[in-house]
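For reference, the structure discussed in these notes is given below.
The values are calculated or read from the model by the stated rules, or taken from the named source; none is laboratory data. Please read all numbers here as calculations on a predicted model, not as lab measurements. Don't worry about glycine lacking a Cβ; one is built from the backbone with ideal geometry, like all the others, and counts go over all protein chains shown.
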Amino acid sequence: MQANVIRRRAPASLAELRKGEQGILDRLDLPEDVSRRLMELGFVPGSPVVAALSAPGGDPRVFRVDGSEIALRHDTAVRLKLRPAASAAAN
Amino acid sequence: MSGCDQCALAGVLPPAPTADPGRPRLIAIVGPPNSGKSTLFNRLTGLRQKVANYPGVTVEKRLGRARLEDGHEVALVDLPGIYSLSPRSEDEQVAHDVLAGTMPDFPRPDAVLLILDSTNLGRHLMLAAPILALGLPTMIVLNMADDLRKRGGEVDAESLTKQLGAPVVLASAAQDQGLEPVWRFLTECGAAPSPVDLPALQDVPRCHAWAARLGRHAAYQPPAPPIWTRRLDSILLHALWGPVIFCLVVVVVFQSIFSWARPLMNGVQWLIAWSGAWVGSLVPNTWARSLLVDGVWTGVGSVLVFLPQILLLFLFIGILEDSGYLARAALIADRTMARVGLQGKSFIPLLSAYACAVPAVLATRTIENQRDRIATILVAPFMTCAARLPVYTLIIAAFLPERPVLGPLLGTRAAAMLGLYALGFLAAFATARVLKSSILKSERTPFVLEMPPYRRPTLASLGLRLLDRAKIFLRRAGTVILAMAVVLWIVAHLPLSAGKVPPIERSLAGTLGRTVEPVIRPLGFNWKIGVGLITSLAAREVIVGTLGTIYGMEPDAKSRGLQAALRSDLTPGGAVALLVFFAFAMQCMSTIAVVRRETGSWKWPLVQFSYMTTLAWCGAFLANRIVTALA
């Protein structure tokens, strides 16, 4: 319980993941054609995504998903929402 | 299954084979980007390739022929890398049209080779659904099998063959392993696929689940993460070392195209002069010799000189791209480029433009986003290319006395040169900003950059690339540039007066110069400069030779005689205006030709030429006014 109090708010989007941290993709908050393109690259709801290295300054950032590494800009990453921590942990 | 209407439809589509018995069978190579598609294409066709563009689009059409064991040949088409067949990008549209048989003047392929990266099967298998739904005989090649095994992964190709109802083989195109079944497929093609089930193609999550299920049934064991790639990335994308190494790479590329190419270029120049003299000695001393040597040889030669520089540049780009570093460089450069609305992948082309806009325009092929690509093409000719240097050197030397500005480090002339570089750079970035916030505002396509694992570039692939670029460049030199050189020679040598070549002021070129004089007088130019501006449409540095001819002086940028003649004939305002004009104007038919080729229509080169010329005129006008007022 205590750990939960100290812990920061669970990351709500890919942009909030720390380096090496994993989250479960919940939904893509983007126009349909754009989200289709990202899904074809592996960003399918329910997939685990790990944040990896980034360009100097933190943007764009590389994400590991479905066996590949794909860089997204911050403005796209914030639109990729993660499942709340509880259900992510359950996975 | 939900997608069975798709399969039913697929069976109805006309199977094109043997429709025209005279034509060799055509097989399309399809696959996602980074699947090793082009490596396989190169492996199967060797040097029997031809590269062109599909009509009206920027997409490259790569055709080749493979010689079979029985002596027959099959035609192969290497389609652009795609993630799906739903036509959203230009690449996907082309792939879709070719495979559906709706591409104008292009036969429907008789069979398909689908190339997937076996180390990334979870995602790549998704593409199998729309391809199999086409109903064409298909073989699926799971490429990079050596890498898969090395990293402890495995997959049961037999099981996939059964599930997909089409032959599936593990192979490594780069190592030439496991390609025997592919050769057999080229010979026989086999029957249309009969997959157990296909997902609804419009539903990406369902396609993803379908692919995952296939992989599970085939006991797909994904490989361990590429350790070397992770290790290299921790250095090359390091917060401190990443940018340092990036800058080093940039310096090496820059240095190579400026200094290391120099001896090679001098060699080519010498060879052209020597061969020109030799050819001249074969023809009697008439107008024919003058046309051949002064017109054709010198004209085409002035462009051929850039061949070593272009090849060296493409060698570096090839190494960067094949090794996987180009994606990292684009990642590092992205934030800076984003400030003007461009993206990371525009960086290397714009850097190349400092050597020559032609390879820069060709290098934009690595940019998938069409609008970003067009914007990069449109601003690239503003970068100070090597052909501007002789012009800058001549004018600066003629008008600016050398004085120290920053002690011995920087003189007035070097400062002026730097200023001109800065001017071109600013024009490029301001234009990019305007374009990207108006007519080329990005569609909603987000910036997505795949980081492929690092791989060792192979000599064969680098060699083929260079050959490709050399062919494109030489073909242009032999056609457009040759024609333009002849035209320029004619206008400078006609009309004959009393059977003799007229002095330049009375030639057609001179007349043209006088005709444009009213337009360029506000810039401080006279008709002689006008002639130079017209001839330099061929290539910027041609103006130096032209002015040499007009003033009857040695056409050498360092020539004191020509400098003195210019000094007495041009005001300081006009001189500065001329520099500014050359910084902005698109005085280069090679660039116009390559932009036409790469954008697939005359629209963009015309827009670009008008815009740059207008900007050049206005800039030169202002420069002339300001300098004249100050002086």
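Values for this structure:
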| item | result |
| --- | --- |
| Hey, residue B:519 at pLDDT 85 or above, surrounded by fewer than 16 Cβ atoms within 10 Å (Cβ to Cβ) and of a type in the set (A, V, I, L, M, F, W, C) or not | yes |
| Among residues of the range B:166-186, those that are of a type in the set (Asp, Glu) and assigned to a helix (DSSP H, G or I), counted | 1 |
| Residues (more than 11 Å from every other protein chain (Cβ to nearest Cβ), crowded, with 18+ Cβ neighbours inside 10 Å and in a loop (DSSP other than H, G, I, E, B)) located in the range A:15-47 | A:17 |
| Leading residue by the ranking (farthest from the other protein chains (Cβ to nearest Cβ)) among those in the range A:56-83 that are at pLDDT 90 or above and assigned to a loop (DSSP other than H, G, I, E, B) | A:83 |
| Residue match in the range B:145-167 (condition: under 22 Å from residue A:70 (Cα atoms), charged (D, E, K, R), free of Cβ contacts under 8 Å to residues at least 12 places away in the same chain and within 14 Å of chain A (Cβ to nearest Cβ)) | no |
| Test result for residue B:253, crowded, with 18+ Cβ neighbours inside 10 Å, closer than 30 Å to residue B:147 by Cβ and in contact with a helix residue (DSSP H, G or I) (Cβ under 6 Å, 6 or more places away or on another chain) | yes |
| Yes/no for residue B:191 being more than 23 Å from residue B:81 (Cβ to Cβ), in a loop (DSSP other than H, G, I, E, B) and either under 31 Å from the mean Cα position of the chain (by Cα) or not polar (S, T, N, Q) (or both) | yes |
| Residue B:339 at pLDDT 80 or above and surrounded by 19 or more Cβ atoms within 10 Å (Cβ to Cβ) | no |
| Test for residue B:336: is it assigned to a helix (DSSP H, G or I), polar (S, T, N, Q) and within 14 Å of chain A (Cβ to nearest Cβ) | yes |
| Top-ranked residue in the range B:211-222 [being surrounded by 22 or more Cβ atoms within 10 Å (Cβ to Cβ) and within 12 Å of chain A (Cβ to nearest Cβ); ranked as nearest to residue B:85 (Cα to Cα)] | B:211 |
| Residue within the range B:401-414 that is at pLDDT 80 or above, under 23 Å from residue B:586 (Cα atoms) and surrounded by fewer than 18 Cβ atoms within 10 Å (Cβ to Cβ) present | no |
